[in-house]
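What follows is calculated from the coordinates using simple rules that are stated; it is not laboratory data. What you see is a predicted model, and the numbers here were worked out from it, not measured in a lab. Because the Cβ atoms are built from the backbone with ideal geometry, glycine has one as well, and the counts that use them run over all protein chains shown.
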Amino acid sequence: MLPQTIPTLTGRRVTLRPFRESDAPLVQSVADDPLIPLITTVPTTGSLEDALAYIDRQHERLASGAGYSFAIANAETDEMVGQIGLWLAAIKHGRASTGYWVAPQHRRRGYVSDALRTLSDWALSLDEVQRLELYVEPWNEGSWHAAEKCGFQREGLLRSWQLVGGERKDMYMYSRIRSRRQTPAANPPKPMAPNSHTHTGWHYEWVREASCSITAASSSERLHIGQ
Ligand SMILES: CC(C)(COP(=O)(O)OP(=O)(O)OC[C@H]1O[C@@H](n2cnc3c(N)ncnc32)[C@H](O)[C@@H]1OP(=O)(O)O)[C@@H](O)C(=O)NCCC(=O)NCCS
């Protein structure tokens, strides 16, 4: 069964944790980012009231079944630096998606790479998640570079996939999946008799590959990559 509360996940540089009211100033600080408010419900007003309403919406994501919205926090200081989500719109088909953002003043310090690895490892440990997806605009090298570092594979270009800022945009589709691979058995079976269908001391085991993906998740307001 999927967790009924938002867990706290520990990475190397980041902690993924539920949002707090004290995160409002960071949310306010990204109000004029050219991309974040277009792909999320981050308010463009920069007001404290709207930032707190955004934080309330993140708490509601789990109750509504949309998914898990985490604040990305610096692991040492617990200061919020961004947001990452695990979205469940297609979970009955074994698919989930992710999306993220980091405030400009905290970029290029490896926060998203670590957040995505941490979220992906956790997500693919859940029985319900067989595949984790991510949609990234081709120009967004920082995003797809982080995804590839986390084991996501580019599967192709989705043409005119999504409205971003009133324009239809192409998206690279990335995914990370669970896979079966051969691992040595802890107690290899004895050699089998001739004509047996089992020939080796290997068995198959379900493993979680590292993978990072982002996809659009639905919200009551509009489709977003990052909520
Ligand atoms: C994309 C974004 C999430 C990257 O966050 P970040 O914390 O700066 O990423 P990282 O520091 O983990 O960097 C990941 C890799 O990409 C590289 N990178 C980061 N930004 C880059 C950029 N603008 N151009 C080229 N490479 C970049 C980093 O050098 C790093 O590679 P390295 O480890 O080989 O050095 C951040 O720029 C952002 O929030 N942008 C706006 C919202 C957004 O685009 N969200 C994703 C939508 S798909």
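Most tightly packed first, judged by the mean number of other beta-carbon atoms within 10 Å of their residues, the peptides 108-117, 8-17 read 108-117, 8-17.
Close amide-amide hydrogen proximity is noted between Q162 and K169, each under 5 Å apart and 5 or more residues distant or on a separate chain (H modeled in the peptide plane; Pro and chain starts excluded). Centroid-to-centroid, using Cα positions, the stretch 66-80 and the stretch 22-55 are 15 Å apart. Quote the FRET efficiency, to the nearest 0.05, computed for S29 versus L163 with a Förster distance R0 of 30 Å and r equal to the Cβ-Cβ distance. Computed FRET efficiency for S29 and L163: 0.70. Net charge of the neighbourhood of L9, taken over other residues with C-beta under 13 Å away and scored Lys/Arg +1, Asp/Glu -1, is +2. Put simply, the amide H of I72, placed in the peptide plane, has neighbours under 5 Å in V81, G82, Q83, I84, leaving out anything fewer than 5 places away on its chain.
A Förster radius of 22 Å, combined with the Cβ-Cβ distance separating R20 from Q105, puts the computed FRET efficiency at roughly 0.70.
In the stretch 79-174, taking the dipole from charged Cβ atoms about the Cα centre, the farthest positive-side position among H93, M80, Q153 is held by Q153. With a cut-off of 10 Å between beta carbons, the residues surrounding Q162 carry a summed charge of -1, where Lys and Arg count +1 and Asp and Glu -1. Counted by neighbouring Cβ atoms within 10 Å, the residues H145, H93 run from fewest to most as H93, H145.
The 3J(HN,Hα) values that the Karplus relation (6.51, -1.76, 1.60; θ = phi - 60°) gives for the stretch 151-160 are, in residue order, x, 6, 10, 6, 9, x, 10, 8, 7, 6 Hz. Gly and Pro appear as x. Dipole check for the stretch 52-192: with +1 at the C-beta of Lys and Arg, -1 at the C-beta of Asp and Glu, and the Cα centre as origin, the magnitude is about 640 Debye. Label positions at R154 and E79, each projected 7 Å from the Cα along the C-beta direction, are separated by 3.4 nm. A Förster distance of 30 Å, applied to the separation of the beta-carbon atoms of S125 and T44, puts the FRET efficiency at 0.25.
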